[in-house]
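**Q** Before anything else, here's the structure in question.
The values are calculated or read from the model by the stated rules, or taken from the named source; none is laboratory data. Note that the coordinates shown come from a computational prediction; the quantities given were computed from them, not determined experimentally. Cβ atoms come from the backbone with ideal geometry, glycine included; neighbour counts cover every protein chain shown.
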Amino acid sequence: MDRCIVLVDAGYLLGAAASLLAGEPSRSRITVDHTALIQALRERAEADTERPLLRIYWFDGAPDRVPQPEHRRLRVMPRVTVRLGALTRSDGRWAQKGVDAAMHAELTELARNRACSDIVLVTGDGDLLPGMMAAKEHGVAVHLWAVQAADGDYNQSEDLVAEADERRVLDRAWITKAVRAKELGGICAPPPAPRPEIAAILSAPLPDSALAAAAERPAEQGEHASAPAASENGTQERVPAPKGVPTPKDLAALRAPGAQPAQHPASATLRWSSDKGWVDRPGVAAETPDIASMPTLAQLTTAEQRWADREEDITTVGGDPYEVGQVFARRWMARLGDQSHLQKLSGMYPRIPHRIDGELLRYAARFGLLAHKDDQIDEHDRYAIRAGFWREIDVRTAAEHATAGE
C-alpha cells in the first residue's frame, strides 16, 4: 500500500520537547496544542514520505491505563488511534510500562500485513530495534524522527539511528508550533478579581465563645490527651494535647438539638478546607431551605444536553482546574430558570452550597484531576476549581448589574 503511518512514543516526544524548551523532561512544564501537533505530524510525514497518511498511532502511559483528558481529545481526532500502557511510580519517579511492547507489536503487524509502504517512528528507545529490522525485512521503509536535543547531542539509541532508512530532526522551530513552555507559578488562567468578603472571612479571629467551648471539655479528657498512652504492643505513645480549635465533633454538636448558645456560636461555620477554626458569619447559621434546595446541574440538564456536554468535555475542555470550574458554572447558569438562585448564590461568596460544590468536584474528577493523588483532588486544584466557578458567577452578575444600570 502506497501510504504512510506514524507511530509516536508520546513519552519521548513530549519529554524531549520539555527538555528542549523548559530545561527538564517533565511534561508538566509544557503546554501542548494537540490539534496543531497532530496536524504538523501529518503534514511533515506526508512531505517526507511523499505518501498520503493512513493513520497516526499515539502511544502513551496512563495510571491504570485510564485515558487522561489529552488522550480523550486525541482519540476523537480523525486518523488518530491512541494506545495506552501503564504508568507506574518507582523510587519517586513515574515510568511507562508496556508502551514499547505495544509499539513493537503494532510496528511488526503493520509491516507483516503490508498496511503501508512507509512507517515514521518518533521514538528514541532501542527496544524497538528488532521491530524496525522486521519491518524492513517486509519491504517497509522506516523513517526515524528525533526531537532536537537540548545539549545538541543524540537523545536516541545509536543502534536505532544506524538501522533507520531515513532520519529527520524535529527542531525547536517545528516543536514550538504546537508546544510551549509554561510560565512558572500560579494557575494558567488569570485568578478572579479580589473581593473583600473573602479577606474578611479568612482574617476573622477565633471567637471567644469557641475558645470557651474548647476549654470547657472535661478535665480528665485533657489529662488523658497529654499523658502517654499504651499501644497494643506495650510501647508508650504520647497523644497530642487538645488545641483551642473546635473539632468536627464540636461542629456536629452545633447542629444537635438542645445545643447551648453559650458553648456554640449560632452563626459559626468552618473555613475553607485549608484553614482551621470557627468563623463568625452574621445571620448565617446553616443553609436555609431555599439554599439547600438550590437545583444542581444534573437536575437542570436534559438527556440531549448531557450528551452534548460529554462531547464538549472530550473534544474541547482542556482539563485545567480553573477552566473546569468555569465550564461547570457556565452550564449551570445557562440552564437556571429561576435567576433569583443566582443572586442568592452570589451573596454566599466564597462558600458554595454543599450539593453544588460536591457535584462540581465530582465533575472535575472526570478530567484526571485525581490522578497520582490517592483519589483526592489536592488543595491547590480545589482552590483553582472553585476560583474558576466564582469567576464565571462574577462575570455574569456584573454584566446583569451593568445592564440594569443602563
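**Q** Please verify whether VAL80 is of a type in the set (A, V, I, L, M) and closer than 30 Å to TYR363 by Cβ, treating the condition exactly as stated.
**A** Working: of a type in the set (A, V, I, L, M): yes; closer than 30 Å to TYR363 by Cβ: yes.
So VAL80 passes the test.
**Q** Could you tell me which of the residues ALA40, ALA95 is small (Gly, Ala, Ser) and at pLDDT below 85? Step through it out loud before you land on a result.
**A** Numbers: ALA40 fails: at pLDDT below 85.
Residue meeting the stated conditions: ALA95.
**Q** Here is a follow-up. Among (1) modelled with pLDDT of 90 or more; (2) part of a helix (DSSP H, G or I), which single condition is ASP60 missing?
**A** (2)
**Q** Kindly provide the set of residues from the stretch 40-66 that are under 12 Å from ILE119 (Cα atoms) and aromatic (Phe, Trp, Tyr), ordered by number.
**A** TYR57
**Q** Would you tally the residues in the stretch 22-35 being more than 15 Å from the chain's Cα centre (by Cα) and more than 12 Å from GLU183 (Cβ to Cβ)?
**A** Taking the stretch 22-35 first, the residues more than 15 Å from the chain's Cα centre (by Cα) are 22-26, 33-35.
Still in the list and also more than 12 Å from GLU183 (Cβ to Cβ): 23-26, 33-35.
The qualifying residues number 7.
**Q** Now a separate question. The conditions are (1) modelled with pLDDT under 95; (2) out of contact with any His (no Cβ under 8 Å at 6 or more places or on another chain); (3) surrounded by fewer than 19 Cβ atoms within 10 Å (Cβ to Cβ); (4) among the charged types (D, E, K, R), and ASP100 fails exactly one of them. Which is it?
**A** Every condition holds for ASP100 apart from (3).
**Q** Considering only the stretch 372-406, state which residues are buried (at least 16 other Cβ atoms within 10 Å of the Cβ) and at pLDDT below 80.
**A** ILE377
**Q** Kindly check whether there is at least one residue in the stretch 123-135 that is under 34 Å from the mean Cα position of the chain (by Cα), hydroxyl-bearing (Ser, Thr, Tyr) and farther than 21 Å from ILE38 by Cα. Let's see the steps before the verdict.
**A** Keep residues of the stretch 123-135 that are under 34 Å from the mean Cα position of the chain (by Cα), which gives 123-128.
Now drop any that are not hydroxyl-bearing (Ser, Thr, Tyr), which leaves 123.
Applying the additional criterion that residues be farther than 21 Å from ILE38 by Cα yields none.
No, that holds for no residue.
**Q** Within the stretch 348-358, is even one residue surrounded by 16 or more Cβ atoms within 10 Å (Cβ to Cβ), in contact (Cβ under 8 Å) with a residue 24 or more places away in the chain and touching a strand residue (DSSP E or B) at 6+ places or on another chain (Cβ under 9 Å)?
**A** The answer is yes, given that some residue of the stretch 348-358 is surrounded by 16 or more Cβ atoms within 10 Å (Cβ to Cβ), in contact (Cβ under 8 Å) with a residue 24 or more places away in the chain and touching a strand residue (DSSP E or B) at 6+ places or on another chain (Cβ under 9 Å).
**Q** Does the stretch 11-34 hold any residues that are surrounded by fewer than 16 Cβ atoms within 10 Å (Cβ to Cβ), closer than 17 Å to ASP151 by Cβ and in contact (Cβ under 8 Å) with a residue 60 or more places away in the chain, and which are they?
**A** If the condition is that a residue be surrounded by fewer than 16 Cβ atoms within 10 Å (Cβ to Cβ), closer than 17 Å to ASP151 by Cβ and in contact (Cβ under 8 Å) with a residue 60 or more places away in the chain, then GLY23 is the only one that fits.
**Q** Let me ask something additional. If I filter the stretch 144-163 down to residues being surrounded by fewer than 21 Cβ atoms within 10 Å (Cβ to Cβ) and touching a residue at least 40 places away in the same chain (Cβ under 8 Å), which single residue comes out as farthest from CYS4 (Cα to Cα)?
**A** So in the stretch 144-163, the residues surrounded by fewer than 21 Cβ atoms within 10 Å (Cβ to Cβ) come out as 148-155, 157-159, 161-163.
Imposing the further condition that a residue be touching a residue at least 40 places away in the same chain (Cβ under 8 Å) reduces the set to 148-150, 155.
On the way: GLN148: 23, ALA149: 26, ALA150: 29, ASN155: 24 Å.
Going through the qualifying residues, I end up with ALA150.
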